[in-house]
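S.K.: Below is one structure. I have some questions about it.
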Amino acid sequence: MIRVNTNGIHEIDFNFDGTTTAAITSPGVVTVTHAGVATGITQLTGDVTAGPGSGSVAATVVKVNGAAVPASHAYVGTNGSSQIIAATTPLLPANNLSDVASTSTARTNLGLGTMATQNATAVAITGGTIEGTGITVGVGTASPQAPLHVAGSTNVMRFDNVGILNNPNLWITQNAYFDGTWHRITSGSPVAGFNWVQSSGLLSFVSDTSTTGTPNPVTIATLSETGAFTGKNLAITSGGGGSLTFQDGTTQSTAATSPTLQTNGTNNTVQNKLNLVAGSNVTLTADGSGDVTIASSGAGSGPSIVDYVTSTTAYTTNYTYTPATLASGTYRVSVNAHLSVSGTGGGSAFFTGVLSYTNKASVVQTVPLFDTTLPVVTNAQDVLTNPFVFCSNGSAVSLSFNVTTSPSGVVGTFTVSAIVIEQLGT
């Protein structure tokens with residue numbers, strides 16, 4: 001028997017047969033010899049306070065502290081702890097497993113995968129799935145409030161080419177979430193979002209402008225898979241044939257309409273172009289809003305055009321045209337207008353055209369150029385006034401056009417196609 005006292009705590013007992021001996025060959029080292037051959041060297045990591053000892057006792061096995069130990073193993077005791085290790089490749093507690101031959105093999109033997117080598121600040125999952133019940137994942141938050149909770153101030157989530165499948169309803173909300181009841185995320189801010197229902201194909205937009213308490217989002221607009229849009233105070237559906245039907249039942253055509261281009265009341269052969277060409281002694285000036293002024297420098301002693309304007313603008317109320325300043329003289333004015341009326345029943349529209357000028361006696365004159373009553377059944381009419389000759393003292397001249405309708409619901413529209421003012425003399 002060899003007894004080594006380590007720090008007064010452990011006794012190490014070696015029981016040997018007649019061919020096995022042991023000796024402490026250097027401080028802290030026990031050499032076990034069997035049949036004259038050293039079979040194990042064990043490092044004692046405690047404080048060795050006793051000197052070498054020797055002895056042998058007949059036995060069939062090697063024991064340490066009464067426990068059977070393979071002949072190639074030895075015992076190490078350190079300050080109250082104990083461990084049985086291989087004598088040829090000892091694992092010392094102080095090395096914290098750094099003296100194993102292969103760390104990867106050791107992990108495999110312990111049933112540890114590659115995630116055992118990753119740090120909490122650098123985890124990469126490149127395969128497999130995460131599944132289970134009661135699991136919550138927080139990104140940007142240590143207290144997730146949903147199975148997947150992404151928190152942050154800006155740009156907290158991004159989806160690239162992602163499809164959401166097998167989900168009958170899709171909710172995306174701002175500052176709220178729904179788990180059977182609504183919850184506000186941040187007090188002091190309103191709630192908004194949209195919901196898509198797979199079964200009906202209806203896309204709803206919801207909002208709650210309150211900023212505190214349990215949110216109560218209400219639908220402010222919906223869009224169906226057929227294209228029907230319904231707002232809180234507006235509903236628009238396709239009426240077919242290029243029209244829209246509004247919530248109040250009215251229908252608005254979406255088909256584009258174009259004016260009919262004519263010359264002296266006759267339709268032009270080309271209807272997609274109107275180009276005025278200046279002739280001899282004639283100047284054409286476009287004002288950028290659809291009006292063109294035609295002026296003539298005159299020739300000989302005949303009449304000269306001093307003002308000429310054309311327009312395709314349609315009016316349903318008063319319109320006044322003031323020509324360029326006219327010098328004192330004698331003038332002739334002609335007007336070409338297109339009148340139309342729409343509505344139901346026996347209604348009509350009353351159209352008037354009036355010339356106002358100041359004569360050479362400085363008396364203001366008001367002269368009707370035309371007054372026409374157009375019933376609904378007539379629909380439309382062109383008016384070409386007889387030329388009216390007047391003398392002006394050079395004061396301002398104006399032409400006023402107006403339409404009145406009866407009863408309500410009748411709409412009258414007029415277009416002043418052309419106004420021509422010629423100077424006949426001084």
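S.K.: Pairs, please: C-beta under 8 Å, at least 6 apart or cross-chain, first residue of a type in the set (Gly, Ala, Ser) and in segment 407-423, second outside any strand (DSSP E or B) and surrounded by fewer than 17 Cβ atoms within 10 Å (Cβ to Cβ)?
M.R.: Every condition considered, the pairs that remain are 409/344; 409/345; 412/316; 417/312.
S.K.: Inspect segment 230-238 for any residue being surrounded by 12 or more Cβ atoms within 10 Å (Cβ to Cβ), of a type in the set (S, T, N, Q) and at pLDDT below 75 and give the result as yes or no.
M.R.: Within segment 230-238, one or more residues are surrounded by 12 or more Cβ atoms within 10 Å (Cβ to Cβ), of a type in the set (S, T, N, Q) and at pLDDT below 75.
S.K.: Among the strands (runs of 3 or more DSSP E) contained in segment 316-426, which hold 2 or more residues that are touching a helix residue (DSSP H, G or I) at 6+ places or on another chain (Cβ under 9 Å)?
M.R.: So the answer is 329-342, 348-358.
S.K.: What number goes with the only condition from (1) out of contact with any Cys (no Cβ under 7 Å at 6 or more places or on another chain); (2) more than 29 Å from residue 376 (Cα to Cα) that residue 317 does not pass?
M.R.: (2)
S.K.: Moving on. Test each condition in (1) on the phi > 0 side of the Ramachandran plot; (2) surrounded by fewer than 10 Cβ atoms within 10 Å (Cβ to Cβ) for residue 201 and report the one that comes out false.
M.R.: Only one criterion is unmet by residue 201, namely (2).
S.K.: Residue 280 passes all but one of (1) modelled with pLDDT of 90 or more; (2) over 22 Å from residue 415 (Cβ atoms); which number fails?
M.R.: Of everything listed in (1) modelled with pLDDT of 90 or more; (2) over 22 Å from residue 415 (Cβ atoms), residue 280 misses just condition (1).
S.K.: Could you tell me which numbered condition residue 389 fails, if it satisfies all but one of (1) under 17 Å from residue 332 (Cβ atoms); (2) surrounded by 13 or more Cβ atoms within 10 Å (Cβ to Cβ)?
M.R.: Among (1) under 17 Å from residue 332 (Cβ atoms); (2) surrounded by 13 or more Cβ atoms within 10 Å (Cβ to Cβ), the lone unmet condition for residue 389 is (2).
S.K.: So which residues in segment 244-275 are aliphatic (A, V, I, L, M) and either modelled with pLDDT under 75 or loosely packed, with under 12 Cβ neighbours inside 10 Å (or both), if there are any at all?
M.R.: 244, 255, 256, 270
S.K.: Which of (1) crowded, with 16+ Cβ neighbours inside 10 Å; (2) at pLDDT 90 or above is the odd one out, the single condition residue 404 does not satisfy?
M.R.: Every condition holds for residue 404 apart from (1).
S.K.: A further question follows. How many of the residues making up segment 334-370 are more than 58 Å from the chain's Cα centre (by Cα) and under 20 Å from residue 264 (Cα atoms)?
M.R.: Total meeting the criteria: 3.
The values are calculated or read from the model by the stated rules, or taken from the named source; none is laboratory data. Everything numeric in this text was worked out from a predicted model, so none of it was measured. Don't worry about glycine lacking a Cβ; one is built from the backbone with ideal geometry, like all the others, and counts go over all protein chains shown.
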